[in-house]
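J.: One structure, as structure tokens, below. Some questions next.
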Amino acid sequence: MKRTRLSVCRRKARFVSERDALTVAQAGRVPLRAYRCDRCLHFHLTSRTKGKRLLQSRLLLPVDV
């Protein structure tokens, strides 16, 4: 896996949890997936899907009752 460039990490939104990132991703117009950054250890969103299974990250999130 390629390491995230520091300049890319600095300009992207950071999410504390994957769940938070996926919530924002579902509201977007383009398919996005969350990934853990190896620089800041938070989650970012990316539209890159080459070689990735997008369906698993686009499933509805469980609702807390």
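J.: Could you calculate the contour length gain from Arg5 to Thr23, that is, 0.36 nm times the residue separation minus the distance between their Cα atoms, to one decimal place in nm?
T.: Value of the extension gain: 4.0 nm.
J.: Sort the following peptides by mean Cβ neighbour count (other Cβ atoms within 10 Å, averaged over residues), highest first: 26-34, 4-12, 38-46.
T.: Working: 26-34: 13.1, 4-12: 11.4, 38-46: 15.6.
Those peptides, ordered most packed to least, come out 38-46, 26-34, 4-12.
J.: Extending each Cα 7 Å along its Cβ direction at Val16 and Arg48, get the distance between those two points in nm, one decimal.
T.: 2.8 nm
J.: On to the next question. Using only alpha carbon pairs under 8 Å that are at least six residues apart, calculate the relative contact order of region 6-51 and give it in whole percent.
T.: Relative contact order of region 6-51: 38 percent.
Every number in this text was worked out from the coordinates using simple rules, so none of it is lab data. Keep in mind the model is a prediction, meaning the values are calculated, not measured. For neighbour counting, all protein chains shown are included, and Cβ atoms are generated from backbone atoms with ideal geometry for every residue, glycine included.
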